[in-house]
Amino acid sequence: MKLSEYRGLCWNSITGKPSNYPAATHNHDSRYYTMGQIKARPQLKVWDNRGAERQPDYYPEFNLSTFFNEKVAGVSSWHSGITVRGWNDLYQSWQLFSGSATSASKHLYFRYGVNSWSSPHKIYHSGDKPTKADVGLGNVDNYSQAHYDGRYLGKMATAARAGRLATARKIALGGDVTGSANFDGSGNISISVQVKDGSHTHPMGNISGLSQALEARAAKNHTHDRSEVGIPAVIPLWQGAAGPGTTIILPNPHFVPDFSVFIFMFFSQRTGRFFSAPFFFPSYWENTEVVLAAEGDDAAAIKYLGVGSKRFQVLCDSVFLLKHLSGVKL
């Protein structure tokens with residue numbers, strides 16, 4: 001029969017089996033625990049270290065055990081606890097322990113080490129809270145609320161000597177004015193102020209009575225022509241309502257070279273507003289187009305057609321009309 005044919009066999013399909021299986025001859029000597037010994041054996045090794053302090057290498061490697069009545073350097077009385085031994089002498093071990101003397105102790109300690117134990121460190125809990133000395137505040141006095149006014153100020157208290165500054169401070173003004181005074185907090189101060197000469201200006205309208213005083217001193221009952229006061233002569237050249245494409249012909253005897261500036265006034269039929277703009281001659285030459293007014297996407301322009309023709313052509317959107325043209329002699 002092939003091995004593959006044995007697949008799927010069960011115990012009941014095997015024939016010729018013995019009806020019982022008697023045990024072979026054997027014994028249980030001291031190498032084995034009895035059932036009673038197994039039940040009586042503790043689960044953790046308890047080391048009775050009474051009167052001695054054991055270092056980490058005393059305990060079995062890679063092991064968890066307990067110790068009882070051990071002397072611990074740095075703490076008084078007897079202590080018991082648990083030891084977690086490292087893998088070997090190169091690994092750290094640690095202990096957690098508390099008192100085991102005839103009197104109750106609420107203190108719990110922890111220490112660690114590789115070849116020797118560290119100093120014990122106290123573990124604080126709700127039943128054993130640290131004191132001021134334990135956290136480095138042993139030199140801080142205890143004061144209740146009743147001592148605040150005697151040694152410390154409460155939030156709403158006022159110091160007995162808070163009425164003035166120990167050292168007076170000088171308050172000085174700067175910028176266009178000068179002045180200073182010393183302030184120590186004992187009372188209000190006043191500062192005399194002087195304005196620096198030539199440091200600032202004032203509009204004439206802001207000086208009370210100045211315009212009336214100047215008017216009273218001004219000479220009256222006489223006139224000045226434009227040349228005396230430097231005002232250029234403005235001469236009307238054309239007036240009407242010229243739309244897009246209209247050509248403006250200057251009337252005789254005026255011709256372009258006589259004028260330095262032309263003033264064009266446009267009217268917006270959409271908003272009812274007037275726009276005026278200058279055209280400088282001879283900055284622009286023959287057939288030059290210049291935009292003089294704009295409103296939104298609409299614009300108004302003038303095209304100069306040349307000196308000999310004495311003409312301007314209106315180039316604008318339908319919302320604009322040229323209403324007036326003047327010449328300025330400078």
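The values are calculated or read from the model by the stated rules, or taken from the named source; none is laboratory data. Keep in mind that this is a model prediction, so the values were computed, not measured. Methodologically, a virtual Cβ is constructed for each residue, glycine included, from the backbone with ideal geometry; neighbour enumeration extends over all protein chains shown.
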Legend entry - Where Pro22 falls short, out of the listed (1) surrounded by 10 or more Cβ atoms within 10 Å (Cβ to Cβ); (2) modelled with pLDDT of 80 or more: (1)
Inset, instruction - Looking only at the stretch 67-81, count how many residues are surrounded by fewer than 16 Cβ atoms within 10 Å (Cβ to Cβ), without any contact (Cβ under 8 Å) to a residue 24 or more places away in the chain and within 15 Å of Leu44 (Cα to Cα). - result: 0
Legend entry - Hits in the stretch 195-209 - residues which are in a helix (DSSP H, G or I) and either at pLDDT 80 or above or in contact with a strand residue (DSSP E or B) (Cβ under 6 Å, 6 or more places away or on another chain) (or both): Asn206
Legend entry - First in the stretch 48-62 and among the charged types (D, E, K, R), second anywhere and surrounded by 13 or more Cβ atoms within 10 Å (Cβ to Cβ) and modelled with pLDDT under 85, Cβ under 6 Å, 6 or more apart: Asp48/Phe68; Arg50/Asn69; Glu53/Lys71
Inset, instruction - Would you please list the contacts, defined by Cβ atoms under 6 Å and residues six or more apart or on different chains, that run from a residue in the stretch 92-111 that is under 16 Å from Ser126 (Cα atoms) to a residue that is of a type in the set (Ser, Thr, Tyr)? - result: Leu108/Ser98
